[in-house]
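The values are calculated or read from the model by the stated rules, or taken from the named source; none is laboratory data. Being a predicted model, the structure only gives us computed values, none of them experimental. Virtual Cβ from ideal backbone geometry, glycine too; neighbours counted across all protein chains shown. Areas reflect the complete protein model, heavy atoms only, side chains present, ligands, DNA and RNA absent. Shrake-Rupley method; radii C 1.70, N 1.55, O 1.52, S 1.80 Å.
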Amino acid sequence: MAETRTVSGYTIVTKTTPTFYFIGVTTGKSSIMKVFPLWMRELGRPEIVIEGVDLKIHDEPQAYRQAVAQIKYDPLSLGALVTTHKIDLFQAARDMFDYADPYAQICGEVSCISKRNGQLEGHAKDPITAGLSLDAIIGKDYFGRTGGHVLCFGAGGSAVATLLHLINKPDAADRPRRFIVVNRSQGRLDSMKAMVEQLKTDIEVEYICNQDPVRNDAIMATLPPYSIVINATGMGKDIPGSPITDAGLFPLNGIAWEFNYRGELDFMHQALAQVESRNIRVEDGWLYFLHGWTQVVAQVLHIDLDDALFQRLAAAAESVRK
Ligand SMILES: NC(=O)c1ccc[n+]([C@@H]2O[C@H](COP(=O)([O-])OP(=O)(O)OC[C@H]3O[C@@H](n4cnc5c(N)ncnc54)[C@H](OP(=O)(O)O)[C@@H]3O)[C@@H](O)[C@H]2O)c1
């Protein structure tokens, strides 16, 4: 039976082995449970274990505070990656953090909880990880070279992160002229708009509230060649279907980027069917998964993550992907 103690009203388990938490909804199903031990071996830290913390969507504030308190008060609880609850957790436990990075403050969320010199730190890593993935897919000056636009289905955390990354690009050739975002409900579009208005950008952002796939096909048909079409809705994994119909035509020479790498992936299959006819490049979310996790692991374990180390970790994870 694990030893516990009470600190500031929270029940804290005294861990006997260094523990990295994964705070999500159905954490046991994620590939990271298999990848993490391989990475710890690769990093020479096989003693570090990963532990899932499954919370309900929009859980009670106290549940988020308890999860944060465990990390804050137990010396061997090293930190966490947070999915799904990034906004709710930060809202509920903001006062428990000694530091929140600028992205956490702009986005109002944390995806990474870590400790440094006894201080509890919160970082929003998504703009960095979505950005690293996009940069790896399109390379330098993509928009200057091609004149492509971006169409993003979904205006959730990952879509906001992608737009923020593009807005922050100092070189005009790395910014699209137009970024169209389509979301099922108006609320997310309003929050995205409020964020964009705080920042100075020459990207024309168009906000469309829609969930009719036929209309989405029509929106996609307005894109110039080489445009990037993103599925950030979770459709094809979290919920069935695709934001477009089978008849929707991807932009000629364009890129279709599905943010997920497991599930039915209907959108990705629709794009794969047009690889030859429309010269479409199709990307899934595996690289995004790798960047997302390696950035947080590096922050929590205080590792300098250079490209060589990223490549080693990516290679170690490959067996799980297969
Ligand atoms: N590969 C990776 O490592 C990685 C990393 C990040 C994200 N992802 C995946 O990417 C997906 C999005 O992530 P997220 O964090 O941005 O999720 P999220 O915050 O839940 O956002 C999803 C958004 O899509 C909208 N949506 C749902 N169905 C739609 C439709 N038919 N048409 C238009 N919009 C629709 C939702 O609208 P409402 O406002 O109406 O709910 C919501 O705003 C998830 O499936 C996630 O697993 C993968």
Worksheet entry | Residues (open to solvent by 50 Å² or more (accessible area, probe 1.4 Å) and within 25 Å of Lys34 (Cα to Cα)) located in the range 263-282 | Gly263, Glu264
Worksheet item: What is the residue count in the range 28-53 for residues that are within 17 Å of the chain's Cα centre (by Cα) and in contact (Cβ under 8 Å) with a residue 40 or more places away in the chain?
Response: 2
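Each row is one residue, and each column tells you yes or no for (1) farther than 16 Å from Gly122 by Cα; (2) outside the structural domain of Ser158 (by TED's automatic domain parsing); (3) not aromatic (Phe, Trp, Tyr).
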{"residue": "Thr26", "(1), (2), (3)": "yes, yes, yes"}
{"residue": "Lys29", "(1), (2), (3)": "yes, yes, yes"}
{"residue": "Phe36", "(1), (2), (3)": "yes, yes, no"}
{"residue": "Met40", "(1), (2), (3)": "yes, yes, yes"}
{"residue": "Glu60", "(1), (2), (3)": "yes, yes, yes"}
{"residue": "Tyr73", "(1), (2), (3)": "no, yes, no"}
{"residue": "Leu89", "(1), (2), (3)": "no, yes, yes"}
{"residue": "Arg94", "(1), (2), (3)": "no, yes, yes"}
Discussion item. Tell me whether the range 97-119 contains one or more residues that are surrounded by 15 or more Cβ atoms within 10 Å (Cβ to Cβ), of a type in the set (Phe, Trp, Tyr) and under 29 Å from Arg175 (Cβ atoms).
Written reply: yes
Discussion item. Just to be sure I understand, how many residues within the range 26-50 are closer than 20 Å to Ile71 by Cα and crowded, with 17+ Cβ neighbours inside 10 Å?
Written reply: 6
Worksheet entry | The lone exception for Trp257 - which of (1) in contact (Cβ under 8 Å) with a residue 40 or more places away in the chain; (2) under 30 Å from Lys115 (Cα atoms); (3) within 12 Å of the ligand (Cβ to nearest atom) it fails | (2)
Worksheet item: Given the residues Asp202, Asp212, Asp246, Asp217, which is the only one that is open to solvent by less than 50 Å² (accessible area, probe 1.4 Å) and out of contact with any strand residue (DSSP E or B) (no Cβ under 9 Å at 6 or more places or on another chain)?
Response: Asp217
Worksheet item: Within the range 287-295, can one find any residue that is farther than 17 Å from Ala136 by Cα, more than 10 Å from the ligand (Cβ to nearest atom) and either open to solvent by less than 20 Å² (accessible area, probe 1.4 Å) or not aliphatic (A, V, I, L, M) (or both)?
Response: no
Practice prompt. Exactly one condition in (1) of a type in the set (Asp, Glu); (2) within 18 Å of Ser111 (Cβ to Cβ); (3) surrounded by 15 or more Cβ atoms within 10 Å (Cβ to Cβ) is not met by Asp54; state its number.
Written response: (3)
Worksheet item: If a residue has to be open to solvent by 10 Å² or more (accessible area, probe 1.4 Å) and either within 12 Å of the ligand (Cβ to nearest atom) or not charged (D, E, K, R) (or both) to count, how many in the range 134-193 make the cut?
Response: 28
Worksheet entry | Positions within the range 49-108 being on the phi > 0 side of the Ramachandran plot and in contact with a helix residue (DSSP H, G or I) (Cβ under 7 Å, 6 or more places away or on another chain), in sequence order | His58, Gly79, Gly108
Worksheet item: What about Phe267, is it farther than 30 Å from Asp306 by Cα, assigned by TED's automatic domain parsing to the domain that holds His149 and away from the ligand (no atom under 16 Å from the Cβ)?
Response: no
Practice prompt. Would you be able to say whether some residue in the range 305-313 is polar (S, T, N, Q) and either in contact (Cβ under 8 Å) with a residue 24 or more places away in the chain or more than 17 Å from Ser133 (Cβ to Cβ) (or both)?
Written response: no
Worksheet item: Here are Lys56, Lys72: which of them is of a type outside the set (A, V, I, L, M, F, W, C) and either within 21 Å of the chain's Cα centre (by Cα) or at pLDDT below 95 (or both)?
Response: Lys56
Worksheet item: Of these, Gly241, Gly234, which one is open to solvent by less than 40 Å² (accessible area, probe 1.4 Å) and at pLDDT 95 or above?
Response: Gly241
